[in-house]
Amino acid sequence: MTSDPIADMLTRVRNALIARHAKVDVPASRLKMEIARILREEGYILNYKVVEDGARKSIRIYLKYTPGNVPVIAHIERVSRPGCRVYLGSKEVPRVLGGMGVNILTTPRGVMTGSTARKEGVGGEVLCQVW
């Protein structure tokens, strides 16, 4: 049991990208599925699906590479940690690399990107940054 399951998920994805794997499995939760949904919508991964291994569920994430076998995700990092939570208002949500990357936030209206949170006028906890 890890103390930070979101950081564990991001580390598994990061390690799979370095090893050039086509897919990676992470233990399932609703929050992790929402993060995978946003990564798919933003074009950072090909797809994801829930896989049941007996009583355990896991999320199988299909990673995306360019034709030159370079990972689409150049950098993925956890921002808010269990020891130091990062909460921002709607006007304080920063742009990642001038709009080239995305923040993933958990808000009262659900999990969304930083740009969507700015448009809807909601703030929340910054989970991670991807570019």
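Given the condition at pLDDT 95 or above and under 20 Å from Thr2 (Cα atoms), answer yes or no: does some residue in segment 93-105 qualify?
no
Among the candidates Ala16, Ala28, single out the residue that is surrounded by 16 or more Cβ atoms within 10 Å (Cβ to Cβ) and under 17 Å from Asp4 (Cβ atoms).
None of the others qualify; the one that does is Ala28.
Evaluate segment 105-117: report whether one residue or more is closer than 20 Å to His21 by Cβ and of a type in the set (Ser, Thr, Tyr). Don't jump to the end; show me each part of the working.
Residues of segment 105-117 closer than 20 Å to His21 by Cβ: none.
Looking through segment 105-117, none of the residues is closer than 20 Å to His21 by Cβ and of a type in the set (Ser, Thr, Tyr).
In segment 52-69, is there at least one residue being over 12 Å from the mean Cα position of the chain (by Cα), under 26 Å from Lys119 (Cα atoms) and at pLDDT 95 or above?
no
Could you give me the residue pairs with C-beta distances under 9 Å whose first residue belongs to segment 22-38 and is under 16 Å from Glu125 (Cβ atoms), whose second residue is at pLDDT 95 or above and of a type in the set (D, E, K, R) wherever it lies, and which are 6+ apart or on separate chains?
Close Cβ pairs (under 9 Å, with a partner that is at pLDDT 95 or above and of a type in the set (D, E, K, R)) amount to Ser29/Lys57.
List the number of the failed condition for Met33; all other conditions in (1) aliphatic (A, V, I, L, M); (2) within 21 Å of Ser3 (Cα to Cα); (3) surrounded by 19 or more Cβ atoms within 10 Å (Cβ to Cβ) hold.
(3)
Looking for something of a type outside the set (Ser, Thr, Tyr), farther than 25 Å from Asn69 by Cα and not in a strand (DSSP E or B) - is there at least one such residue anywhere in segment 9-22?
No, every residue in segment 9-22 fails to be of a type outside the set (Ser, Thr, Tyr), farther than 25 Å from Asn69 by Cα and not in a strand (DSSP E or B).
The values are calculated or read from the model by the stated rules, or taken from the named source; none is laboratory data. Predicted model only: the values in this text are computed from it and were never measured. No Cβ is skipped: glycine too gets one built from the backbone with ideal geometry, and neighbour counts run over all protein chains shown.
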